[in-house]
Amino acid sequence: MTPNKRTISIQVVNHTGVLTRVAGLFSRRGFNIDSIAVGRTEDPDISRMTIVVEADQATGEQLSKQLNKLVDTIKVSDVTDDATVARELSMIKVSADSSNRSEILQIVSIFRAKIIDVSERAVIIEVTGDESKVTALIELLRPYGIKELVRTGKVVMVRSGN
């Protein structure tokens, strides 16, 4: 991750409109959200947002303070410098026919990715990993012809101290 990217983990009350208020805070301050992933936690009344934004440390601290002021915010943590486990998911539809399918399968195997759909002219590949792994696979598949690509935002958990 570049030094100018901050990863912020936010626990919020699982209510309608919370995502809009959080995204609005970033928008009002002129920040573009690089990635955002939101989902319920082990408690169905609480959601966790993982947001990656381009900002220096001081600006990241200011954003965290502003996020803490939002009504439905439970906890805000800038986890950029913490020991974390981070993952992304991507699905990549690649042109594939009998002439190149075996090469694509070898690349998929090396990255421990999966073919999740096959047709006469394309395959859909699922890959999970850190940002660099997902990006590396995409770049290796690019010469074969990427027809469609979708990528989740980063999700992250702080490592246990145990």
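Residue count for the range 39-85 under the criterion of being part of a loop (DSSP other than H, G, I, E, B), over 21 Å from His15 (Cα atoms) and not acidic (Asp, Glu): the result is 4.
Only one entry of Ile125, Ile92, Ile116 meets the criterion of being under 30 Å from Val53 (Cβ atoms), in a strand (DSSP E or B) and free of Cβ contacts under 8 Å to residues at least 40 places away in the same chain, and that entry is Ile125.
Only residues that are under 29 Å from Arg6 (Cβ atoms), without any contact (Cβ under 8 Å) to a residue 24 or more places away in the chain and surrounded by fewer than 13 Cβ atoms within 10 Å (Cβ to Cβ) were counted in the range 128-162, giving 6. Taking the range 112-135 as the range and being of a type outside the set (Val, Ile, Thr) and more than 18 Å from the chain's Cα centre (by Cα) as the test, the residues that pass are Arg112, Lys114, Asp117, Ser119, Glu120, Arg121, Ala122.
Checking Ser95, Ser102, Ser90 one by one, the residue that is farther than 30 Å from Val76 by Cβ and surrounded by 11 or more Cβ atoms within 10 Å (Cβ to Cβ) is Ser95 and no other. Residues that are polar (S, T, N, Q) and within 24 Å of Gly161 (Cα to Cα) were ranked within the range 58-85; the one that is surrounded by the most Cβ atoms within 10 Å (Cβ to Cβ) is Thr80. Across the range 9-30, the number of residues qualifying as free of Cβ contacts under 8 Å to residues at least 60 places away in the same chain and either surrounded by 17 or more Cβ atoms within 10 Å (Cβ to Cβ) or assigned to a strand (DSSP E or B) (or both) comes to 4. Of all residues in the range 134-162, those that are among the small types (Gly, Ala, Ser) and part of a strand (DSSP E or B) total 0. Taken over the range 95-113, the criterion of being in contact with a strand residue (DSSP E or B) (Cβ under 8 Å, 6 or more places away or on another chain) and either hydroxyl-bearing (Ser, Thr, Tyr) or outside any loop (DSSP other than H, G, I, E, B) (or both) is satisfied by Ser95, Arg101, Ile104, Leu105, Val108. Answer yes or no as to whether Thr41 is surrounded by 19 or more Cβ atoms within 10 Å (Cβ to Cβ) and either touching a strand residue (DSSP E or B) at 6+ places or on another chain (Cβ under 8 Å) or closer than 22 Å to Ala83 by Cβ (or both). For Thr41, the condition - surrounded by 19 or more Cβ atoms within 10 Å (Cβ to Cβ) and either touching a strand residue (DSSP E or B) at 6+ places or on another chain (Cβ under 8 Å) or closer than 22 Å to Ala83 by Cβ (or both) - is not met.
FYI, it's all coordinate maths here, none of it is from the lab. The structure displayed is predicted, hence computed values, not measured ones. In this analysis, Cβ positions are derived from the backbone assuming ideal geometry, glycine residues included, and neighbour counts consider all displayed protein chains.
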